[in-house]
Amino acid sequence: MAIRERLSGNEAVATAMKQINPDTMAAYPITPATEIPQYFANFVSNGSVTTEFIPVESEHSAMSACIGASAAGARVMTATSSQGLALMFEMLYIASGLRLPIVLVNVNRSLSAPLNIHNDHSDSMGARDCGFIQLYCENNQEAYDNTVMAVKIAEKARLPVMVCYDGFITSHSIENIILMENEEVKNFVGEYNPEEFLLDDKRNISIGPLSLQGYYFEQRKEIADAMIDSKEIINEVSREFYKITGRKYELYEKYKLDDAEIGVIILNSTAGTAKEAIDVLRSKGIKAGMLKPRCFRPLPFEEIPEEIKHLKALAIMDKTDSINGYSGPLFSEITSAMYTSNINVPTVNYIYGLGGRDVKIDNIYEVFSDLEAIAKTGKVNKMTNYLGLRGE
């Protein structure tokens with residue numbers, strides 16, 4: 001039976017972790033993810049979980065401890081944000097390179113400098129090529145649900161998973177959500193029985209040995225193949241989750257897109273603002289729509305171009321800047337996928353919300369107004385735009 005609750009995003013995720021009851025959690029506090037290990041430490045101290053909680057001296061050490069525990073055969077979770085994820089960077093590649101199913105919750109926050117504790121996607125987008133599956137969440141319900149599903153996805157794919165949601169906007173805002181029963185979560189994730197682990201006394205293995213020219217290339221290709229194969233695993237786990245909860249997840253969500261003439265592609269919490277704007281525009285006869293990727297890794301590079309090929313104009317919105325003089329990462333990758341699929345829709349990039357700059361419904365109206373003009377002429381006058389930037 002479903003449990004109705006009112007929780008912040010961080011508390012919802014910590015509750016999911018409690019219900020999962022991992023063998024090990026290693027974490028170091030950092031705003032705005034601090035509440036997750038804080039809540040979880042309380043669960044450890046009051047006996048709600050049997051998890052070995054490891055308080056470490058840095059985020060680098062947190063991921064190092066997670067790697068050691070996972071290699072030893074434990075089910076492992078952690079959480080971080082911003083500079084914490086950046087400090088883990090060396091170890092992220094090791095986690096994926098060793099094919100360890102670690103679940104990392106990343107509460108999206110801007111990277112310094114200058115110092116800023118508010119939300120954008122520069123942290124997770126900066127780690128987009130480290131071999132972690134990346135799941136993005138619009139609201140508290142999605143953060144809770146994806147955290148539960150991430151465990152099963154990671155263990156089936158034998159790749160680590162990063163669950164991303166917006167700092168403060170999602171992490172600290174309280175919403176009505178529906179929780180699964182403890183027994184439902186336990187049955188859903190099941191017992192973790194790794195095929196290989198260091199403490200297996202029946203089989204001696206080595207993890208992390210030197211690999212030079214003779215093997216390294218092939219081993220990296222195996223990780224790339226595993227990422228591609230994880231698309232079907234994500235869909236499979238999501239279908240199983242739907243049967244239990246009635247909440248449907250796919251690689252991406254479409255909102256009034258099928259008959260749309262103009263559309264946006266957007267991640268995380270701003271998708272909720274875009275939905276409200278689309279509803280208003282629809283009431284005025286403007287055929288607006290949206291596609292919200294749930295997965296950025298693996299990128300649905302075949303599916304997304306097919307979903308937007310009928311549009312007359314498209315905006316791809318990035319809450320980070322690649323600082324490459326060209327565009328944000330979401331725009332670069334999706335337009336590359338469109339090109340290789342021979343789909344030519346006039347497309348414009350909007351970089352928005354850096355450092356937590358408010359993105360209001362009027363900003364979304366501005367994007368759709370620009371798309372209407374592009375749809376009429378078929379011409380993009382300025383490809384990369386900075387939405388809500390003073391002086392623009």
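The numbers here are math on the coordinates, done by the rules we state, and not lab data. Please read these numbers as outputs of a predicted model, since none were measured by experiment. Every residue, glycine as well, gets a Cβ built from its backbone with ideal geometry; the counts of neighbours run over all protein chains shown.
Of note:
- Over segment 252-387: Kirkwood hydrodynamic radius from C-alpha pairwise inverse distances, Å: 14.7 Å
- Kirkwood hydrodynamic radius of the chain, from inverse mean 1/r over distinct Cα pairs, in Å: 21.5 Å
- Rh (Kirkwood; distinct C-alpha pairs) - segment 43-105, Å: 12.1 Å
- In the chain, helical runs assigned H by DSSP with n ≥ 4 each contribute -39500 (n - 2.57); averaged across all residues and rounded to the nearest 500, the mean residue ellipticity at 222 nm is -13000 deg cm²/dmol.
- Legend: ranking of residues SER110, SER206, SER369 from fewest to most surrounding C-beta atoms inside 10 Å; resulting order SER206, SER369, SER110.
- Of all beta bridges that DSSP places with both ends in the chain, some 25 percent have antiparallel geometry.
- Within straight-line cross-link reach of LYS287, aspartates and glutamates at Cα separation under 13 Å, skipping those fewer than 8 residues along the same chain: ASP258, ASP259, GLU261, ASP279, GLU372
- Helix 270-283 axis, angle to the chain major axis (alpha carbon atoms, nearest 10°): 30 degrees
- The slack in the chain from VAL44 to LYS284, taken as 0.36 nm per residue of separation less the alpha-carbon distance, amounts to 81.1 nm.
- Label-point separation, ALA72 to GLU195 (7 Å along Cα→Cβ), nm: 2.4 nm
- For segment 31-147, the percent of C-alpha pairs falling in each 5 Å distance bin, counted from 0 to the bin holding the largest distance, reads 2, 11, 20, 24, 22, 14, 5, 1, 0.
- Look at the alpha carbon pairs under 8 Å that are at least 6 residues apart: their mean separation over the length of the chain gives a relative contact order of 16 percent.
- Taking the number of Cβ atoms within 10 Å of each Cβ as an exposure proxy, the fewest-first ranking of CYS130, CYS137, CYS66 is CYS130, CYS137, CYS66.
- About the Cα centre, charge dipole magnitude for segment 252-387 (Lys/Arg +1, Asp/Glu -1 at Cβ), debye: 160 debye
- When only alpha carbons are used to place a centre, segment 1-72 and segment 331-392 end up 38 Å from one another.
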